[in-house]
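**Q** Pasting a structure below so you can have a look.
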Amino acid sequence: MDPLTNPYTPNAGAQPTTLAGRNPQLDSFDLLLARLMRGRPQQSMIVTGLRGVGKTVLLGQFRKKALAANWVVAELEIRKHDDTEFRRMMASRMRTALLEISPKARWNERFQKAGRVLASFTLTADLTGTVQIGYAADATEPGKADHGDLALDLTDVFVAVGEAAADAGRGVVLLFDEIQFLAPAQLEALISAIHKVVQRSLPVTMVGAGLPLIAELVGDARSYAERLFQFPTIGDLDDRDAREALDGPAKIEGASFESDALELALQITGRYPYFLQELGYAVWGVASGTVITRGDVSDAEALYTAKLDESFFRVRFDRCTNRQKQYLRAMAELGPGKQKAQDVASVLKRESSQVAPIRAELIGMGLLYTPDYGYADFTVPHFESFMLRVMPDLEVIG
Ligand SMILES: Nc1ncnc2c1ncn2[C@@H]1O[C@H](COP(=O)(O)OP(=O)(O)O)[C@@H](O)[C@H]1O
Ligand SMILES: [Mg+2]
C-alpha cells in the first residue's frame, strides 16, 4: 500500500496512531493531578519496563494531560549526570517552571524567594563544581538550598517552588525519562524532596520512567519510596490490545487485518509495542490490497527482522566491546529469560567472579538488568535471538 499513508510509528517516543492498553496508567495520572490540586496526598508513579514497551510515549501522554489540566510541565531526559550537572539541570527546569507561571516582572514575594532559593542551589554547585550559571549572580537566600547536601538543598527548592506555585493556584509536574541513569544519591534526593512537598500538601510532583533496574537503585531508600510512589510495570500488550495496536491504525486508513493475519503478527512480535509498530510498518509496504492477509504478514517478516537487526538491536550491539559481546552471546546460548550469573560463567568456561566485571559493565550500560539476585536478563526484548543471528558461533572469552 501507499507508503505515504503508512499509519505505523516505529520510532522511539513516537506517539502511536492508536495508543493501546495503557488506560490504567493514564487514569492513575489523572487521579494524581486532581488529588494534588485539592491538596490531597497521592502516590506518584515510577513506570518501569523494557526497551520499546512505550514508557516515553506514556510520559508524552502524561505531558498532554498535565498541560490540559493547566499544570506546568518540566521534562528531563536523564543521562549520567554528576551532581553539579544534576543541580544545574534541576535548577534550570525549576526556574523555567516559575517563569511559566509568572513573568519575572510580576513576581510576588513567594516567587522572589523561590528565585533566591534557586540561586542558592546553583551557587552551591558553583562552589563545588565551578560551573558558571547566568543567574548565579542573583540574590541568594542564605540558609536555604546552600547546605551542600543534595537532598536537603533539593528539598528547599521543591518547597519554595511549591509554595510559589500554590500561591498562583498552579502545580508543577516533573516528568523524568531514563530515570535508571540517576545516581543513587540523586534519586534519593528526589525522593526526600518529594516526601517533603507531600507532607506540606504542595502541588509539586515527579513521575519517572525507566528500565526495570530502578527498583534495585532505590535500594536503601526503598521502603520510604514505596510509600510515596507506585511502581507500575508496563510490558507486552495483552492479546486484545495488541490486535488493536495493529488494526486501529489500519482502520484509520481504510484498511483492515484478517484475524489470522493478526494472530501471526502477535506471534512474531511477542506483542511488544515497538515490534508491533515495526511489523505493521513493514506489512503496509508489502500488502497489495486493503484487506491484509496472513500471507502479507508472512511476506513482511524478513523485512521486519532485517530492519530490527540493522537498527534497534544493532546500535546496542555496536556499543559493546568484544568481551561484552561474548558475554551476551553466552547468555543467549542459555535461551530466553533471566539467567544465573553462574550459568553464564560456565558457558564461558570461567568462574563467576572472573566475568562479574563484564556483567556489571553491561548492567551499567543499560543492556542487562537484574530481575532477581544473582540473575540477569536483557533489557531489550528478543535480544537473545538477535545475538544468535549476529554471532552464530559461541566464543569463549580468551
Ligand atoms: N500503547 C501503545 N500502543 C501502540 N504502540 C505503542 C504504545 N506505546 C508505545 N508504542 C510504540 O512503541 C514504540 C516504543 O515506544 P517508546 O515510548 O519509545 O518505548 P520506551 O520508551 O519504553 O523504550 C514506538 O514506536 C511507539 O509508537
Ligand atoms: Mg524511552
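Just so you know, all these numbers are worked out from the coordinates, no wet-lab data involved. In this text, all values refer to a predicted model and were calculated from it rather than measured experimentally. So basically every Cβ, Gly included, is an ideal-geometry build from the backbone, and we count neighbours across all protein chains shown.
**Q** About its Cα centre, what dipole magnitude does the stretch 23-230 give when the only charges are +1 on Lys and Arg Cβ and -1 on Asp and Glu Cβ, stated in debye to the nearest 20?
**A** Values: 25 positive and 24 negative charges, 151 e Å.
The dipole of the stretch 23-230 has a size of about 720 debye.
**Q** Oh, and also: Note down the Stokes-Einstein diffusion coefficient of the stretch 255-383 in µm²/s, whole number, using a Kirkwood radius over alpha carbon pairs, 20 °C, and 1.002 mPa s. Can you show the working numbers first?
**A** Details: Rh = 16.3 Å.
Translational diffusion coefficient: 131 µm²/s.
**Q** If you fit an axis through the alpha-carbon atoms of helix 259-269 and take the longest principal axis of the Cα set of the chain, what angle between them do you get, 0 to 90°, nearest 10?
**A** 70 degrees
**Q** Between the stretch 173-188 and the stretch 1-49, what's the alpha-carbon centroid distance in Å?
**A** 19 Å
**Q** Now a separate question. Only helical DSSP H runs with n ≥ 4 go in: add -39500 (n - 2.57) per run for the chain, normalise by residue count and round the 222 nm mean residue ellipticity to 500 deg cm²/dmol.
**A** -17000 deg cm²/dmol
**Q** Of P381, P16, P336, which has the largest mean-square fluctuation in a 10 Å C-alpha GNM of the chain?
**A** Comparing P381, P16, P336 in a Gaussian network model of the chain, the most mobile one is P336.
**Q** As I understand it, the dipole of the chain uses +1 on the Cβ of Lys and Arg and -1 on the Cβ of Asp and Glu, about the Cα centre. Which of G280, V207, L50 lies farthest toward its positive end?
**A** Farthest along the dipole direction, towards plus: V207.
**Q** Quick one: divide the alpha-carbon radius of gyration of the stretch 160-296 by 2.2 N^0.38 Å and tell me what you get.
**A** Values: Rg = 21.7 Å, N = 137, 2.2 N^0.38 = 14.3 Å.
Relative to the rule-of-thumb radius for its length, the stretch 160-296 sits at 1.52.
**Q** Please list, in order along the stretch 375-386, the HN-Hα scalar couplings obtained from phi with the Karplus expression 6.51 cos²θ - 1.76 cosθ + 1.60 (θ = phi - 60°), rounded to whole Hz, x for Gly and Pro.
**A** 10, 9, 9, 6, 7, 10, x, 6, 5, 5, 6, 4
**Q** Could you name the aspartates and glutamates in cross-link range of K338, using Cα to Cα under 20 Å and dropping any fewer than eight places away on the same chain?
**A** Excluding near neighbours in sequence, the set is E216, D236, E351, E361, D372, D377, E384.
**Q** Amide H neighbours of G208 under 5 Å, at least 5 residues apart or on other chains, H built in the peptide plane: list them.
**A** M45, I46, V47, F176
**Q** Given Cβ point charges of +1 (Lys, Arg) and -1 (Asp, Glu) and nothing else, what value in debye, to the nearest 20, does the dipole of the stretch 237-316 about its Cα centre take? Could you put the intermediate results ahead of the total?
**A** Values: 8 positive and 15 negative charges, 50 e Å.
In total the dipole reaches around 240 debye.
**Q** Can you find, among L348, G335, F378, the residue farthest towards the positive end of the dipole of the stretch 319-390? Put +1 on the C-beta of Lys and Arg, -1 on that of Asp and Glu.
**A** Farthest along the dipole direction, towards plus: L348.
**Q** Ok, one more. In whole Hz, what ³J(HN,Hα) sequence does the stretch 142-159 give by Karplus (6.51, -1.76, 1.60; θ = phi - 60°), x for Gly and Pro?
**A** Per residue, the Karplus-derived 3J(HN,Hα) values read x, x, 10, 6, 10, 6, x, 10, 4, 5, 5, 5, 5, 4, 4, 5, 4, 5 Hz.
**Q** Reported to two decimal places, what Rg/Rh ratio describes the chain when computed on Cα atoms with Rh from the Kirkwood expression? Kindly include the intermediate steps, with their values, before the conclusion.
**A** Values: Rg = 23.7 Å, Rh = 23.1 Å.
Value, to two decimals: 1.03.
**Q** Which residue, chosen from V172, P142, L76, occupies the Cα position most advanced towards the positive end of the dipole of the chain, where the dipole is computed from +1 (Lys, Arg) and -1 (Asp, Glu) charges on Cβ about the Cα centre?
**A** P142
**Q** Hey, another quick one. Can you give the charge dipole size of the chain about its Cα centre, rounded to the nearest 20 debye, using +1 on the beta carbon of Lys and Arg and -1 on the beta carbon of Asp and Glu?
**A** Numbers: 44 positive and 51 negative charges, 229 e Å.
That gives the chain a dipole magnitude of about 1100 debye.
**Q** Sequence-distant or interchain residues sharing an amide H contact under 5 Å with L368, placed H: which?
**A** Distant-sequence amide H within range of L368: I363, T379.
**Q** Mind pulling the angle between the C-alpha long axis of helix 109-129 and the longest principal axis of the chain? Nearest 10 degrees, somewhere in 0 to 90.
**A** The helix 109-129 is inclined about 70 degrees to the chain.
**Q** Here is a follow-up. Could you please tell me the mean projected area of the C-alpha convex hull for the stretch 319-390, averaged over all directions and given in square nanometres to one decimal? Before the final figure, lay out the partial values.
**A** Details: hull surface 16.8 nm².
For the stretch 319-390, averaging the hull's shadow over all directions gives 4.2 nm².
**Q** Provide, for the stretch 23-230, the number of lysine pairs with alpha carbons under 28 Å apart, each pair being eight or more places apart or on different chains.
**A** 17
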